[in-house]
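Below: one structure, written as structure tokens.
The values are calculated or read from the model by the stated rules, or taken from the named source; none is laboratory data. On a predicted model such as this, the values are computed, not experimentally measured, just so you know. Here the Cβ is made from the backbone with ideal geometry for all residues, glycine too, and neighbour counts use every protein chain on show. Side chains included, ligands, DNA and RNA excluded: accessible areas come from the protein's heavy atoms. Shrake-Rupley method; radii C 1.70, N 1.55, O 1.52, S 1.80 Å.
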Number of protein chains: 2
Amino acid sequence: MSDREKPIGVAVLGLGNVGSEVVRIIGESAADLAARIGAPLELRGIGVRRVADDRGVPVELLTDDIAALVARDDVDIVVELMGPVKPARKAILAALEGGKSVVTANKALMAQSTGELAQAAEAARADLYFEAAVAGAIPVIRPLTQSLAGDTVLRVAGIVNGTTNYILSAMNDSGASYDSALADATDLGYAEADPTADVEGYDAAAKAAILASIAFHTRVTADDVYREGITKVTAADFESARALGCNIKLLAICERLTNDEDKQRVSARVYPALVPNEHPLASVNGAFNAVVVEAEAAGRLMFYGQGAGGAPTASAVMGDLVMAARNRVQGGRGPRESKYAKLPIAPIGFIPTRYYVSMNVADRPGVLSTVSAEFGKRDVSIAEVRQEGMVDGEGQRCGARIVVVTHRATDAALSETVEALADLDVVQTVNSVLRLEGTTE
Amino acid sequence: MSDREKPIGVAVLGLGNVGSEVVRIIGESAADLAARIGAPLELRGIGVRRVADDRGVPVELLTDDIAALVARDDVDIVVELMGPVKPARKAILAALEGGKSVVTANKALMAQSTGELAQAAEAARADLYFEAAVAGAIPVIRPLTQSLAGDTVLRVAGIVNGTTNYILSAMNDSGASYDSALADATDLGYAEADPTADVEGYDAAAKAAILASIAFHTRVTADDVYREGITKVTAADFESARALGCNIKLLAICERLTNDEDKQRVSARVYPALVPNEHPLASVNGAFNAVVVEAEAAGRLMFYGQGAGGAPTASAVMGDLVMAARNRVQGGRGPRESKYAKLPIAPIGFIPTRYYVSMNVADRPGVLSTVSAEFGKRDVSIAEVRQEGMVDGEGQRCGARIVVVTHRATDAALSETVEALADLDVVQTVNSVLRLEGTTE
Ligand SMILES: NC(=O)c1ccc[n+]([C@@H]2O[C@H](COP(=O)([O-])OP(=O)(O)OC[C@H]3O[C@@H](n4cnc5c(N)ncnc54)[C@H](OP(=O)(O)O)[C@@H]3O)[C@@H](O)[C@H]2O)c1
Ligand SMILES: NC(=O)c1ccc[n+]([C@@H]2O[C@H](COP(=O)([O-])OP(=O)(O)OC[C@H]3O[C@@H](n4cnc5c(N)ncnc54)[C@H](OP(=O)(O)O)[C@@H]3O)[C@@H](O)[C@H]2O)c1
């Protein structure tokens, strides 16, 4: 047996949705994988919490001693698919320190400990791949780090969380309230029992941090990402959005901002936004994900596909595993962390956006002009206003709703305006404040 | 100066649409590129036919002696952006034989001499990158060779030629004839003076060959690709397509076919097809390109963006150049040709498709049943029939048009049926025969 054919030993940590699919593909596609890598992959063991003989894999492969599995001499690559950040971090650091390459789908970890892990990989001259951490099966990390390596990325905007996109799509399709759409999503398995990480935007923020880091060659962590969830989006917002020719989507946005003195900063943010129907992200529905990348030379690119699920996520993991294995066989390494640009992170107040503000107001003359004046005072120019009478349960008029859409202004000026509106006597409540995406006026 | 910072010498062959953008980016983004690569890129020379001082670059950089430029000791990477196959092949072979890495956008060459070039790269242990050869700025080659390296690609279907998509989009939007849409496209610079390579599908066929090769790990050349152009598509076809809820697009399709005995074959083909409006490719308009990839684990992915133009294509070239340069600095190599699967290529006759047939018939009773019988005789089942009376210049009835849409049958059975139809007395002419995409009935 020539040196080239020496098998590559693999440890898979986790046998859940993703791990079980990865183990299946390693077994079923063994011959193809060996041909593509130049050496066979050999599965040395699978790390789990519960070792038992009812798990669809030979029980001898299972172990709950993650440290021992990772430390084995015959393990060349560790594939981490457990989830919880603490044990994952420990296992990955141990693997890298032992000179093993690592493939992970762990966005929470990658958005938090990226520097530490990248340094460990660097010190060991080992690979650290994480394509599956953002947008499941959709190649996004590799296009950004490699295909666009010679271009200048200006902006990344994506629907990167399937659970919230499922909920928002249901609200748009059926007029359902947030609570009932969430309940349906939970029943159907699209939302977890504790949906906080998804609906509050933490998952999307982790992905935004990863995308911003690689797009702008700057270390961005989840804590740097401005974040609003979808829990306050109402059926009435969808009605107003429809009237404005828009849909509402939870977006992860990463942007390169250049000021008058040519100084650059980076913004990373997650919030529900009104997206015009003609924008390519407006029609990405259900559990699908899509990422739009704008680069100086390439223009606008879009990547679309399944952003989650065991098999799609396993596809991305397997791509990374084959790359890491090829590097072991042929020599060479995958891309490393690039943070040379070290751009400062701009606070949300500086970001120019457009706003949509919905408020209930007293139903009497002059209200609209009082409301408009608050925008004018702060140099926020109004693009569109809609005023509708509201009726109570008995069909009696009981006030009016005003919806204002602004032109582009800084987030700070817009939030000040909203605060002032809330203080006005004629404004009963400010129902919703959402930003607009994809229009530049 | 440490070894790491030794500059990487680059020769760019061609200073046309793409070459001039590549030269511009190498100059303008020098600092960023050096940081990403770990060493500066240095432009050693630019190969052209016409050396002159009015070309926007220092004339000392220009040379018409391609062989001498490629042979220079201080050139590490050759970027081929000339176009004509013969000189490009010669220059690339010389570069590879000299141990230099090569980046090219030359689809015609890559669809023809891929084996020879891959062998030369292999022998020299040098890189051969060609992302820009398919779909311009859109990352397609890298996702297929790397991101999906651990998955099984089942099908690739794409709009990969901007000129024909521009013409077909114009025909769809305005009801224009093919000739007038082509004339407009030529005036606006979307079509070349001699549009043959585009409108007859040669360009798309070259891209289909490249896509099929990498998707199925099998060497496929342009000659293996079944090819029909768009010159026979009529305004009446667009009318019928609209009535059927479809658009018409020139598609490049690469498919893995598995027969009852589990034997696999590969199909690569280019033809204008009816695409249902709800299919993601139906709304890709103008000069845009899009590629839909279906893989076993990943499911359906779509990649969308600008498929041509100097700057977008340069973006893809620059990504490859940075990768090739990084490999020089860090050691290691990019992906090599993978043809281990060596799947046989299926002739078009074996391919199951759906057909759309439009014919002019005598306007008398019984014609529809005569026509239908020809389909039935060959076991081709009919999904939908439309019959319309036709009127002449004076508003007199002058015959009828029958449009038949079939269920899935082999291409052989369908073409036999069409031949038989043409021989029928009641059929005056068979106007159009197009295939249907994206429906499985
Ligand atoms: N599911 C998706 O669609 C998706 C998409 C993208 C990324 N990801 C990421 O992929 C990773 C795995 O996701 P998943 O959905 O497959 O998770 P999962 O179904 O919850 O499975 C987790 C697996 O890890 C094991 N595990 C957890 N903690 C462990 C510990 N401390 N020690 C040993 N084993 C432990 C579990 O063992 P037991 O089976 O014994 O409990 C289980 O097999 C996560 O980082 C997730 O964010 C998932
Ligand atoms: N344009 C696109 O949108 C696009 C998209 C994808 C791929 N591509 C591919 O990229 C390549 C370049 O396309 P392009 O549009 O940039 O072509 P182009 O504008 O026609 O430019 C070709 C350049 O190559 C030089 N050249 C041609 N033959 C030569 C020879 N025998 N010796 C020396 N120099 C020679 C020409 O020199 P002179 O200037 O002195 O005549 C010219 O500068 C082609 O392979 C094309 O298929 C183009």
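Checking B:LEU41, B:LEU62 one by one, the residue that is surrounded by 12 or more Cβ atoms within 10 Å (Cβ to Cβ), more than 11 Å from ligand 2 (Cβ to nearest atom), modelled with pLDDT of 95 or more and aliphatic (A, V, I, L, M) is B:LEU41 and no other.
Of these, B:ALA137, B:ALA149, which one is within 14 Å of another protein chain (Cβ to nearest Cβ), at pLDDT below 95 and either buried (at least 24 other Cβ atoms within 10 Å of the Cβ) or farther than 30 Å from B:GLY9 by Cβ (or both)?
Working: B:ALA149 fails: at pLDDT below 95.
Within the list B:ALA137, B:ALA149, the selection yields B:ALA137.
Just one of (1) among the β-branched types (Val, Ile, Thr); (2) away from ligand 1 (no atom under 15 Å from the Cβ); (3) within 14 Å of chain B (Cβ to nearest Cβ) fails for A:VAL23. It is (2). Among residues belonging to region B:299-339 that are open to solvent by less than 10 Å² (accessible area, probe 1.4 Å), of a type in the set (A, V, I, L, M) and more than 7 Å from chain A (Cβ to nearest Cβ), point out the one that is farthest from the chain's Cα centre (by Cα). Top of the filtered list is B:ALA325.
Looking only at helices (runs of 4 or more DSSP H) that lie completely in region A:68-172, which have at least 1 residues being within 27 Å of A:ARG265 (Cα to Cα) and either of a type in the set (D, E, K, R) or within 12 Å of ligand 1 (Cβ to nearest atom) (or both)?
Where helices (runs of 4 or more DSSP H) fall fully within region A:68-172 and carry at least 1 residues being within 27 Å of A:ARG265 (Cα to Cα) and either of a type in the set (D, E, K, R) or within 12 Å of ligand 1 (Cβ to nearest atom) (or both), they are A:107-110, A:114-124.
Here's the yes/no breakdown for (1) away from ligand 2 (no atom under 16 Å from the Cβ); (2) over 18 Å from A:VAL12 (Cα atoms); (3) buried (at least 22 other Cβ atoms within 10 Å of the Cβ):
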| residue | (1), (2), (3) |
| --- | --- |
| A:LEU81 | yes, no, yes |
| A:LEU93 | yes, no, no |
| A:LEU96 | yes, no, yes |
| A:LYS100 | yes, no, yes |
| A:ALA108 | yes, yes, no |
| A:GLY115 | yes, yes, no |
| A:ALA123 | yes, yes, no |
| A:TYR129 | yes, no, yes |
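Somewhere in region B:392-412, is a residue in contact with a strand residue (DSSP E or B) (Cβ under 9 Å, 6 or more places away or on another chain), open to solvent by less than 50 Å² (accessible area, probe 1.4 Å) and part of a helix (DSSP H, G or I)? Yes, there is a match, as at least one residue in region B:392-412 is in contact with a strand residue (DSSP E or B) (Cβ under 9 Å, 6 or more places away or on another chain), open to solvent by less than 50 Å² (accessible area, probe 1.4 Å) and part of a helix (DSSP H, G or I). Whether any residue in region B:282-297 is open to solvent by 50 Å² or more (accessible area, probe 1.4 Å), within 27 Å of B:LEU154 (Cα to Cα), at the interface with another protein chain (Cβ under 7 Å from one of its Cβ atoms) and touching a residue at least 12 places away in the same chain (Cβ under 8 Å) is what I want to check. Checking region B:282-297: not a single residue is open to solvent by 50 Å² or more (accessible area, probe 1.4 Å), within 27 Å of B:LEU154 (Cα to Cα), at the interface with another protein chain (Cβ under 7 Å from one of its Cβ atoms) and touching a residue at least 12 places away in the same chain (Cβ under 8 Å).
Would you confirm, using the coordinates I've provided, whether B:VAL371 is surrounded by 13 or more Cβ atoms within 10 Å (Cβ to Cβ) and among the β-branched types (Val, Ile, Thr)? Judged against the criteria, B:VAL371 is a match. Listed conditions (1) more than 13 Å from ligand 2 (Cβ to nearest atom); (2) open to solvent by 50 Å² or more (accessible area, probe 1.4 Å); (3) not in a helix (DSSP H, G or I) are all met by B:GLY56, apart from (1).
Sub-8 Å Cβ pairs linking a first residue in region A:30-48 that is at the interface with chain B (Cβ under 9 Å from one of its Cβ atoms) to a second residue that is assigned to a helix (DSSP H, G or I) and open to solvent by 20 Å² or more (accessible area, probe 1.4 Å), at least 6 apart or interchain, are A:ARG36/A:ARG326; A:ILE37/A:ARG326; A:ILE37/A:VAL329, ordered by first then second residue.
Hey, does region A:113-128 have a residue that's within 18 Å of A:MET318 (Cβ to Cβ) and within 14 Å of chain B (Cβ to nearest Cβ)? Yes, region A:113-128 contains at least one residue that is within 18 Å of A:MET318 (Cβ to Cβ) and within 14 Å of chain B (Cβ to nearest Cβ).
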